[in-house]
Amino acid sequence: MSKQDPHRDDPATTGHEWDGIQEFDNPLPRWWLWTFIATIVIAIAITIIYPAWPTFNGPTKGLIGYSSRADVAADIQRFKAANEAVDTKLSTVPLEDINKDPVLRSYAMNGGAAVFKTWCAQCHGQGANGVKMGSGYPNLIDDDWLWGGTIEAIHTTITHGIRSADDPDTRDSAMPQFGDILEPSEIDQLVQHVRAISGQSNDATSAKAGAALFADNCAACHGDKGTGGRDVGAPNLTDAIWLYGGDVASLTNTVTNAHYGIMPAWGGRLTESQIRQVATFIHESGGGE
Amino acid sequence: MSVSDDQPPKLYAAQEPVFPRKVYGNFRNLKWAMMVVTLGIYYITPWIRWDRGPNLPDQAVLIDMADRRFFFFWIEIWPQEFYLVAGLLVMAGLGLFLFTSALGRVWCGYSCPQTVWTDLFVVVERWIEGDRNARVRLYNSKWGARKIRLRTTKWTIWLLISAATGGAWVFYFMDAPFLLHHLFVGRAPYVAYAFVVSLTATTFLFGGFLREQICIYMCPWPRIQAAMIDEETVTVSYRDWRGEPRGKHRKSAEAVNLGDCIDCAACVNVCPMGIDIRDGQQMECITCALCIDACDDVMQKIGKPRGLIDYISLTDEISEREGNPPISAWNHVIRLRTIIYTGIWLAIGASLILALFMRAAIDLNVSPVRNPIFVTLSDGSIRNTFNLRIRNKQGEARPFEISISPTEGFELKLQGNEASIVNVPADSTGAHKVFVTAKKGSLASKSELTHIRIWVKDTVNGDRVYRDTVFNGNQSRN
């Protein structure tokens with residue numbers, strides 16, 4: 001550093017000049033300079049202590065072996081250990097008792113909401129209301145259930161899935177493609193009958209003719225009155241909720257080609273505690289029976 | 001400062017040690033009183049107990065960060081009522097405006113923590129090392145056994161005061177007796193220790209060593225105050241038209257022409273800022289008025305009227321130079337500007353008190369669930385879901401009844417609750433979900449929006465609050 005006195009009359013300038021403005025070539029304040037040097041030293045020290053420099057075999061590990069990934073793993077372990085007691089209890093109590101214990105209920109409701117948003121919302125929607133009426137992804141917060149809306153039924157559905165190929169205990173059923181079995185005119189009559197039993201506008205003559213067809217072809221699964229059959233996941237055809245649409249075109253399409261949805265079995269993917277959490281969450285979200 | 005060509009001015013001024021002398025008088029007594037009151041409030045307040053019932057802390061003044069509550073005697077403030085604290089801060093700001101425009105840097109001179117603690121530290125210093133002359137001698141003497149003993153004693157006492165100061169601070173944030181015990185057995189939270197240590201350090205350093213340097217170089221407030229002082233503001237000034245020319249009053253011919261100032265330097269010796277008030281108003285002066293006391297004492301001894309140094313305003317100077325008699329300081333204090341400040345101050349105070357008493361002991365927030373905005377049920381009726389947050393600010397758990405108006409055509413059901421009554425624990429917020437269903441074919445089920453009102457009733461004392469919200473029907477159906 002220059003020993004030059006910064007306060008003399010003609011301090012040295014940098015030699016640059018812009019519009020008559022010159023810049024003094026005064027030394028930096030000592031404290032500033034030393035702080036600057038210290039920051040460089042500290043920066044180098046940090047790269048030695050912490051992982052920093054990239055090499056062909058990955059970055060240098062650093063003296064203290066710190067890793068943010070290990071930190072996260074430790075955090076997860078810590079939370080798992082902290083929740084172990086309540087998780088164990090939740091996994092073992094009878095399902096209907098979860099709601100009676102405020103601690104279990106609160107844990108299940110909050111945990112279930114998180115599980116739902118992670119694993120279920122992709123098909124059933126963020127609000128658990130299906131994607132859109134008629135799209136085939138069931139609304140879970142209404143009071144209509146294909147396979148049952150008690151907490152036990154919901155628990156079974158989540159654990160084993162629906163038409164899930166990798167679970168032998170999965171809920172399974174299939175509606176025949178009536179396009180191969182019935183004439184289009186018969187299908188029209190069937191559709192008019194379904195419109196009639198669900199309280200929608202219909203052609204009375206066709207509907208009456210459709211009644212006999214319904215008894216022969218549909219009642220086995222959907223019931224004599226069309227109120228559905230939960231043991232085979234057959235929807236109630238008399239209510240206001242339509243999984244694949246209740247208008248004439250949608251119904252004709254459904255009867256002709258048949259539709260079914262597939263849900264994975266979560267038994268092997270989620271823990272029993274997680275399944276019970278999300279089952280409680282769904283059961284309490286408005287549709288529970 | 002004289003600037004010669006060979007000797008360029010130094011940018012750095014070394015601290016000139018200041019040794020304020022002891023002084024007696026009215027303003028000194030006022031300062032003692034202020035010290036006792038302010039320090040008393042600071043150290044004692046956390047230890048005052050206030051019974052709020054079994055579920056709430058019994059500390060009169062407590063800022064409970066963990067539970068987000070502020071307790072002040074009978075007042076309890078929740079975070080959403082922070083506007084009350086903001087109002088209080090506005091009042092404090094206006095109060096400073098008022099006092100500064102009326103009396104100059106009266107805050108600095110009497111009640112600023114820096115002034116009060118420095119004053120306290122000077123008392124300790126005087127007690128250990130003696131008054132001004134003894135302290136100057138000790139300062140100039142070589143380090144020896146006596147000097148080490150005196151300095152160590154002084155620093156130890158300063159450090160104890162500092163620790164008590166840093167310690168008292170954290171008691172405002174946690175139950176004081178509990179925290180005191182935990183501080184000593186080493187089980188208090190780290191943040192408590194951090195605050196105790198840093199506040200001890202700052203008190204020790206600021207009160208013991210930096211003193212007037214804080215006011216001159218670090219504090220922004222003196223510079224801001226300058227903008228609020230006008231020619232009517234009463235500040236500490238020297239009546240140079242009465243005092244000059246100064247000189248020793250010897251029985252000689254030239255003494256006849258001298259002013260009242262005998263150049264005894266009493267005003268300079270007592271000044272905690274190390275300035276000479278006779279140089280006129282200056283940035284360093286904190287208007288502590290100790291020079292007034294010192295000078296009045298001297299004037300009395302030499303048989304002259306008091307007030308050579310006095311609380312006067314700039315207009316007084318002009319008036320008195322023309323030969324008019326001095327006027328009372330109250331004529332300066334009470335004027336339009338200070339009356340306006342007082343008026344605004346009182347208005348804010350009154351509205352805060354009003355707001356405080358009009359607060360309901362229960363509060364309700366309603367937020368409609370918007371995903372989905374409605375659900376069609378199997379019988380064709382339409383259901384909306386609402387999240388309720390019920391705040392129970394009472395010291396005991398209360399059952400609340402939830403209802404809806406209009407009642408016709410709507411059915412209300414609580415999540416996980418067969419009845420329509422929920423229990424909210426003492427001093428807490430209960431989150432509840434309610435399902436509101438409009439029957440199939442009802443107007444609400446078919447309208448895009450229906451205005452509804454959700455009520456919460458305290459079943460114990462009958463207090464009711466409501467929030468208006470909307471019910472979303474299924475317009476596209478039927």
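The values are calculated or read from the model by the stated rules, or taken from the named source; none is laboratory data. The structure displayed is predicted, hence computed values, not measured ones. Quick reminder, even Gly has a Cβ in these numbers, built from the backbone with ideal geometry, and neighbours come from all protein chains shown.
I'm trying to understand the selection: among the residues of the stretch A:198-238, which are more than 15 Å from A:Thr252 (Cβ to Cβ), within 14 Å of chain B (Cβ to nearest Cβ) and buried (at least 19 other Cβ atoms within 10 Å of the Cβ)?
A:Gly226, A:Gly228, A:Pro235, A:Asn236
Give me a count of the residues in the stretch A:251-289 that are surrounded by fewer than 22 Cβ atoms within 10 Å (Cβ to Cβ) and within 14 Å of chain B (Cβ to nearest Cβ).
So the count comes out to 3.
Being over 18 Å from B:Trp241 (Cα atoms) and without any contact (Cβ under 8 Å) to a residue 12 or more places away in the chain is the filter here, so list the residues in the stretch B:297-319 that pass it.
B:Gln300, B:Lys301, B:Gly303
Scanning the stretch B:273-306 for residues that are touching a Pro at 6+ places or on another chain (Cβ under 7 Å) and surrounded by fewer than 22 Cβ atoms within 10 Å (Cβ to Cβ), which turns out modelled with the highest pLDDT?
Ranking the candidates gives B:Met299 first.
Which residues, taken from the stretch B:379-434, are at pLDDT below 90 and touching a helix residue (DSSP H, G or I) at 6+ places or on another chain (Cβ under 7 Å)?
Once the filter is applied, which keeps residues that are at pLDDT below 90 and touching a helix residue (DSSP H, G or I) at 6+ places or on another chain (Cβ under 7 Å), the stretch B:379-434 yields B:Gly409, B:Gln415, B:Gly416.
Looking at A:Glu289, A:Glu284 in this structure, which one is over 22 Å from A:Ser164 (Cβ atoms), under 20 Å from the mean Cα position of the chain (by Cα) and not aliphatic (A, V, I, L, M)?
Values: A:Glu289 fails: under 20 Å from the mean Cα position of the chain (by Cα).
Within the list A:Glu289, A:Glu284, the selection yields A:Glu284.
Got at least one residue in the stretch A:112-131 being at pLDDT 90 or above, over 20 Å from the mean Cα position of the chain (by Cα) and of a type outside the set (Asp, Glu)?
For the stretch A:112-131, residues at pLDDT 90 or above, over 20 Å from the mean Cα position of the chain (by Cα) and of a type outside the set (Asp, Glu): absent.
Give the residues of the stretch A:239-250 that are within 14 Å of chain B (Cβ to nearest Cβ) and touching a residue at least 12 places away in the same chain (Cβ under 8 Å), sorted by residue number.
A:Asp239, A:Ala240, A:Ile241, A:Trp242, A:Leu243, A:Gly245, A:Gly246
State all residues of the stretch B:84-103 that are under 14 Å from B:Gly349 (Cβ atoms) and either polar (S, T, N, Q) or touching a residue at least 60 places away in the same chain (Cβ under 8 Å) (or both); if no residue qualifies, say none.
Within the stretch B:84-103, B:Leu84, B:Gly87, B:Leu88, B:Val90, B:Met91, B:Leu94, B:Gly95, B:Leu98 qualify.
Please tell me if A:Asp203 is modelled with pLDDT under 95 and outside the structural domain of A:Asn83 (by TED's automatic domain parsing). Before you say what the answer is, go through the steps one by one.
Numbers: modelled with pLDDT under 95: yes; outside the structural domain of A:Asn83 (by TED's automatic domain parsing): yes.
Yes; evaluated as a whole, the condition is true for this residue.
Considering each of B:Arg278, B:Arg306 in turn, give the residue that is outside the structural domain of B:Gln114 (by TED's automatic domain parsing), basic (Lys, Arg) and in a loop (DSSP other than H, G, I, E, B).
B:Arg306
Can B:Ala355 be described as part of a loop (DSSP other than H, G, I, E, B) and touching an Asp or Glu at 6+ places or on another chain (Cβ under 9 Å)?
no
How many residues are of a type outside the set (Ser, Thr, Tyr), part of a loop (DSSP other than H, G, I, E, B) and more than 14 Å from chain B (Cβ to nearest Cβ) if we restrict to the stretch A:149-167?
Step one: list which residues in the stretch A:149-167 are of a type outside the set (Ser, Thr, Tyr), which gives A:149, A:151-155, A:158, A:160-163, A:165-167.
The next check asks that each one be part of a loop (DSSP other than H, G, I, E, B); those that pass are A:149, A:161, A:163, A:165-167.
Filter once more, so that each one left must be more than 14 Å from chain B (Cβ to nearest Cβ): A:161, A:163, A:165-167.
So the count comes out to 5.
Let me confirm something: among B:Leu290, B:Leu388, B:Leu364, which residue is more than 14 Å from chain A (Cβ to nearest Cβ), under 30 Å from A:Ala240 (Cα atoms), within 38 Å of the chain's Cα centre (by Cα) and not small (Gly, Ala, Ser)?
B:Leu388
I'd like the residue in the stretch A:115-134 that is touching a residue at least 60 places away in the same chain (Cβ under 8 Å) and surrounded by fewer than 17 Cβ atoms within 10 Å (Cβ to Cβ) and, out of all such residues, is nearest to the other protein chains (Cβ to nearest Cβ).
By that ranking, first place goes to A:Gly134.
Residue-wise test of (1) surrounded by 12 or more Cβ atoms within 10 Å (Cβ to Cβ); (2) away from chain A (no Cβ under 14 Å).
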residue: B:Ile327; (1), (2): yes, yes
residue: B:Ile344; (1), (2): yes, yes
residue: B:Leu354; (1), (2): no, yes
residue: B:Pro372; (1), (2): yes, no
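Please work out if B:Gln300 is assigned to a loop (DSSP other than H, G, I, E, B) and not assigned by TED's automatic domain parsing to the domain that holds B:Cys112. Walk me through how you get there before you give the answer.
Working: assigned to a loop (DSSP other than H, G, I, E, B): no; not assigned by TED's automatic domain parsing to the domain that holds B:Cys112: yes.
No; evaluated as a whole, the condition is false for this residue.
Do you know which of the residues in the stretch B:56-114 that are touching an Asp or Glu at 6+ places or on another chain (Cβ under 9 Å) and of a type in the set (A, V, I, L, M) is nearest to B:Gln394 (Cα to Cα)?
Among them, the one singled out is B:Leu56.
Kindly provide the set of residues from the stretch B:432-463 that are under 17 Å from B:Glu396 (Cα atoms) and either surrounded by fewer than 17 Cβ atoms within 10 Å (Cβ to Cβ) or in contact with a Ser or Thr (Cβ under 6 Å, 6 or more places away or on another chain) (or both), ordered by number.
B:Thr459, B:Val460, B:Asn461, B:Gly462, B:Asp463
Filter the stretch A:88-114 for residues that are of a type in the set (Asp, Glu), without any contact (Cβ under 8 Å) to a residue 40 or more places away in the chain and surrounded by fewer than 15 Cβ atoms within 10 Å (Cβ to Cβ) and give the result. Walk me through how you get there before you give the answer.
So in the stretch A:88-114, the residues of a type in the set (Asp, Glu) come out as A:96-97, A:101.
Now narrow it down to the ones that are without any contact (Cβ under 8 Å) to a residue 40 or more places away in the chain: A:97, A:101.
Within the stretch A:88-114, A:Asp97 is the sole residue that qualifies.
Go through the stretch B:100-132 and report how many residues are of a type in the set (D, E, K, R) and assigned to a loop (DSSP other than H, G, I, E, B).
So the count comes out to 2.
Conditions (1) more than 28 Å from B:Ala355 (Cβ to Cβ); (2) basic (Lys, Arg); (3) more than 14 Å from every other protein chain (Cβ to nearest Cβ), marked per residue:
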| position | (1), (2), (3) |
| --- | --- |
| B:Ala14 | yes, no, yes |
| B:Val18 | yes, no, yes |
| B:Met35 | yes, no, yes |
| B:Ala66 | no, no, yes |
| B:Leu84 | no, no, yes |
| B:Phe99 | no, no, yes |
| B:Arg105 | yes, yes, yes |
